[in-house]
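In what follows, a structure is listed as structure tokens, so that the remarks can point back to it.
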Amino acid sequence: FSTFDNLKWKTNQLTYRIENYTPDMSVAEVDQSITRALQVWAKVSPLRFTRINSGTADIMISFTRGDHGDNSPFDGPGGFLAHAFAPGPNIGGDVHFDEDEDFTFRSIREYNLFLVAAHEFGHSLGLSHSNDPGALMFPIYSYTDPRTFSLPRDDVNGIQYIYGPNPDVNPKPGKPDPTPPSTPDACDPSLVLDAVTTLRGEKMFFKGRFFWRSYSQNSQPEQNLIKTFWPELPANIDAAYESLLSDRVLIFKGRKVWAISGYDIVSGYPKSLKSMGLPQTVKKIDAALYDEGSSKTLFFVGNYYYSYDEEKKRMDKGFPKRVDEGFPGMKSKVTAAFQVQGFTYLFSGPFMFEYSMWTRRQLRVLGNNYFLSC
Amino acid sequence: LPITPSKEDEVLAETYLKRFYNLTEETGPTARQGPSQRSRKVQEMQKFFGLKLTGTLDAETLAMMKKPRCGLPDVHIGH
């Protein structure tokens, strides 16, 4: 997180006023979005907010477009969605939303007002932009379901650095406050990846709400929120693989499978696991791998794996087989898998096992972050 | 692969860097050595977003500039 050179409010009792409304949403929806967005910060700090309907509030909230007299004009649809001023008198603390955007209440489409407002109020209270891609204060908008939104750790640390913690929160014994979500660290030796895949020469590593992209031109893998690229995809996916046959990446979670092509979800998806030839009894898969040598897709489920012929759209005979039958020495559950430069990598917990598909021999045991440039 | 930014992308990048990274018009003699101000500003932006520090408007950098975002400057706080 970062702050505006420690600019902060001198009081914890702040007022706000909604000066006008967007026609994109009902008045009640705007009110609810704004109130909830302020409560995001009130929950974890001593700050308290009171609404006023006339006069000058500490935080004046308005919907406006184009050049609106503060030397920071909006730019029409897309681009800049909103901005806010650091704590201070007059314009300080004020929040402006770009009326040229389509703001929404529940929809995944366009820009959820609660999420945009919560970010802007962070500025109103003294936080600048964070370079943590998982933080609310990261400058790029990404969708998160507002119903399950929880202020990330980086933002909690930021606001508590300025104002301290919420004095009213006394976790009951046995019921600790839920831990704020934090951003996974590629260099954490205990990191356990959810899924890995290739995509047109890139390597992608999924963990929670995030994924890292690693490609030859980039010395450091780039961490992004999954929702930034594919708003429809869930977090905590089970498995992923690149289908060279269809030039798509298949993403698995529970009984559902999505196909992505670049930034788009292929229409007709999500489909059921059954559509991939898996029996009805399989409720989820642990890992998936496209074997270039045999042009078969391997699905790992518990101690077994299936071989799927994508061209014929059917499961190969003689499967499932025990994993250690096909991959000698692999005794623990495979949690992610892919092939890189002809070698097969099976991930299990914080370890990665390198195999040659020709000899079926285990060649090396590596750390999970071997490809993540640590 | 390196791409040649379109005129539109160049304008977008200039507006972006002026707004968020305090890019100013370069006047006077051009220095013979060292990266240009724009290249340094592009690198600053790339560093913030965890992109590869090329100092050029590559595809990744342009894609990041085009994403919807908060209009508050990242580095230099406007007064």
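Bear in mind that the values in this text are calculations on the coordinates, not laboratory data. These numbers were taken from a predicted model, which means no experiment stands behind them. Here Cβ is always computed from backbone atoms with ideal geometry, including for glycine, and neighbour counts include all displayed protein chains.
How big is the charge dipole of chain A about its Cα centre, in debye rounded to the nearest 20, if each Lys and Arg gets +1 on its Cβ and each Asp and Glu gets -1 on its Cβ?
So the magnitude is around 2060 debye.
For an R0 of 60 angstrom, estimate the FRET efficiency from the Cβ-Cβ distance between A:Lys10 and A:Arg255 and round to the nearest 0.05.
With a Förster radius of 60 Å, E is 0.65.
Roughly how crowded by other chains is peptide B:45-54, in terms of the mean Cβ count from those chains within 10 Å of each of its Cβ atoms? Intermediate results must be reported in sequence, preceding the final value.
Details: counts 0, 0, 1, 5, 8, 10, 3, 6, 3, 2.
Partner-chain Cβ atoms within 10 Å, mean over residues of B:45-54: 4.
What is the magnitude of the charge dipole of region A:79-225 about its Cα centre, with +1 placed on the Cβ of each Lys and Arg, -1 on the Cβ of each Asp and Glu, and no other charges, expressed in debye to the nearest 20?
With only Lys, Arg, Asp and Glu charged at Cβ, the dipole is about 640 debye.
Within 10 Å of each Cβ in B:63-69, how many Cβ atoms from other chains are there, averaged over the peptide?
Average per residue, whole number: 6.
Within 10 Å of each Cβ in peptide A:85-96, how many partner chain Cβ atoms are there on average? Round it to a whole number, please.
Mean shielding count: 1.
Sorted by average packing, counted as other Cβ atoms within 10 angstrom per residue and highest first, what order do A:125-136, A:76-87 take?
A:125-136, A:76-87
Want the number for A:Asn90 to A:Glu311: 0.36 nm per residue separation, take away the alpha-carbon distance, what's left?
Numbers: separation 221, 0.36 × 221 = 79.56 nm, distance 6.61 nm.
Additional length available on full extension: 72.9 nm.
How big is the gap, in Å, between the Cα center of region A:351-374 and the Cα center of region A:195-214?
Going from one Cα centre to the other spans 16 Å.
Taking every pair of alpha-carbon atoms in region A:57-158, what share in percent sits in each 5 Å bin, from 0 to the bin with the longest distance?
Taking every Cα pair in region A:57-158, the percentages come to 2, 13, 23, 24, 22, 12, 4, 0.
Would you mind counting up the charge near A:Gly318? Only other residues with Cβ under 13 Å from its Cβ, with Lys and Arg at +1 and Asp and Glu at -1.
Charge balance in the 13 Å sphere: +2.
Cβ neighbours within 10 Å, averaged per peptide: list A:251-263, A:269-281 in order, most packed at the top. All intermediate terms of the calculation are to be shown ahead of the outcome.
Working: A:251-263: 18.1, A:269-281: 15.0.
Averaged packing, sorted descending, gives the order A:251-263, A:269-281.
What's the FRET efficiency of A:Gln39 with A:Phe229 using the Cβ-Cβ distance as r and R₀ = 30 Å, to the nearest 0.05?
0.55
Packing-wise, with mean Cβ within 10 Å as the measure, how do B:13-21, A:103-111 rank, highest first? It would help to have the intermediate numbers written out before the result.
On the way: B:13-21: 19.2, A:103-111: 16.1.
Per-residue Cβ counts within 10 Å, averaged per peptide and sorted highest first, yield B:13-21, A:103-111.
Once the Cα gyration tensor of region A:25-87 is found, what semi-axes does its equivalent ellipsoid get, as square roots of 5 times the eigenvalues, in whole Å, sorted largest first?
Values: eigenvalues 109, 44, 36 Å².
Its equivalent ellipsoid spans semi-axes of 23, 15, 13 Å.
Mind scanning A:Lys253/A:Lys317; A:Lys203/B:Lys66; A:Lys283/A:Lys333; A:Lys43/A:Lys207 and naming the pairs with a C-alpha gap bigger than 21 Å?
With Cα atoms farther than 21 Å apart: A:Lys253/A:Lys317; A:Lys203/B:Lys66; A:Lys43/A:Lys207.
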